[in-house]
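One structure is given below, encoded as structure tokens.
Read-outs: derived from the displayed coordinates by stated rules, not from any lab. Predicted model, so just to flag it, every value in this text is computed and none were measured. Ideal geometry is used to build each Cβ from the backbone, glycine not excepted, and the neighbour counts take in all protein chains shown.
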Amino acid sequence: MDITTQSSLSPTNMQRNRPSETDGASMTNVDLIWIEGSQENWIRFGKQAGERIIDRRRRVFSFAPNSIFAFIRWRSNDYGTIHSSIDIVSAVKLGEAYSTLPGIHPGGEILLHIKGWPKVSKMLQVIDAVEGLGFEPDKIAPDYWRHVHSRMTVGEQPRGYSLARHKAWLARLRVES
């Protein structure tokens with residue numbers, strides 16, 4: 001390293017290196033891993049804004065602010081599954097508060113967090129039901145995922161998503177904008 005170069009901590013470089021809304025620093029990055037029979041992290045739904053392949057087993061998906069995605073984590077050992085979870089997350093804008101989750105950088109707004117394979121399996125059925133109605137799961141009302149989280153956490157069956165609920169959410173978006 002050339003010691004005559006300007007320090008990276010100088011006021012000029014600090015301003016230049018500050019992330020902006022238009023660069024990749026405003027993205028939410030998700031680490032995906034696929035190690036056959038040992039660890040699998042994957043995206044169930046969501047529209048990624050970018051992808052970076054690290055090697056044949058690892059890649060990073062990037063999501064734009066306000067994007068909603070489902071992230072599934074599964075691990076096992078010689079005795080079977082040791083961890084399974086699904087998180088439905090809304091990517092946050094630069095400067096917004098967020099919650100941290102393993103494999104999601106910097107974090108996001110957690111709409112749903114379910115652990116344990118029986119509950120994760122039921123959650124995948126809920127996602128399939130939403131898709132069966134013709135909706136993209138990342139385009140429906142985020143409040144629905146909070147509702148599903150609350151109901152499944154206490155062992156209750158969540159109400160199904162409906163066209164009426166979707167229309168109400170779209171009307172709310174028009175009023176808020």
- Task: Return the Rg/Rh value of the chain, two decimal places, where both radii are evaluated on C-alpha atoms and Rh is the Kirkwood radius.
- Result: 1.06
- Note on the structure: GluC sites (Glu not before Pro) in segment 74-177 lying in a DSSP loop, each with at most 14 other Cβ atoms within 10 Å of its Cβ, come to GLU96, GLU156
- Task: Report, in deg cm²/dmol and to the nearest 500, the calculated mean residue ellipticity at 222 nm for the chain, where each DSSP H run with n ≥ 4 adds -39500 (n - 2.57) and the sum is divided by the residue count.
- Result: -8500 deg cm²/dmol
- Task: Using θ = phi - 60° and the Karplus relation 6.51 cos²θ - 1.76 cosθ + 1.60, list the HN-Hα couplings for segment 35-47 in order, rounded to whole Hz, with x at every Gly or Pro.
- Result: 10, 3, x, 10, 8, 9, 10, 8, 9, 7, 8, x, 9
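Given a Förster distance of 25 angstrom, what is the FRET efficiency for LYS122 paired with SER177, based on the Cβ-Cβ distance and rounded to 0.05?
On the way: r = 34 Å, r/R0 = 1.38.
According to the calculation, E is roughly 0.15.
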- Message: Using a Gaussian network model on the chain with a 10 Å cutoff between Cα atoms, which of LEU94, LEU111, LEU163 fluctuates the most?
- Response: LEU163
- Reach of LYS122 by Cα under 26 Å, taken over lysines that are not fewer than 8 positions away in the same chain: LYS47, LYS139, LYS167
- segment 102-177-segment 51-77 distance, computed between alpha-carbon centres (Å): 19 Å
- Select from VAL126, VAL89, VAL30 the residue whose mean-square fluctuation is largest in a Gaussian network model of the chain (Cα-Cα springs shorter than 10 Å). VAL126
- Note on the structure: With the charge dipole of the chain built from beta-carbon charges (+1 for Lys and Arg, -1 for Asp and Glu) about the Cα centre, the Cα from HIS149, ALA64, VAL120 projecting farthest to the positive end belongs to HIS149
- Message: Please list, by residue number, everything in segment 93-112 whose backbone N is under 17 Å from a paramagnetic label point 7 Å out along Cα→Cβ of ARG52.
- Response: 103-107
- Message: How much length would be gained if the chain were fully extended between SER162 and THR81, taking 0.36 nm per residue of separation minus their Cα-Cα distance, in nm to one decimal?
- Response: 25.8 nm
- Note on the structure: Between ALA49 and residues 5 or more places away or on another chain, the pairs with built amide H atoms under 5 Å apart involve SER62, PHE63, ALA64
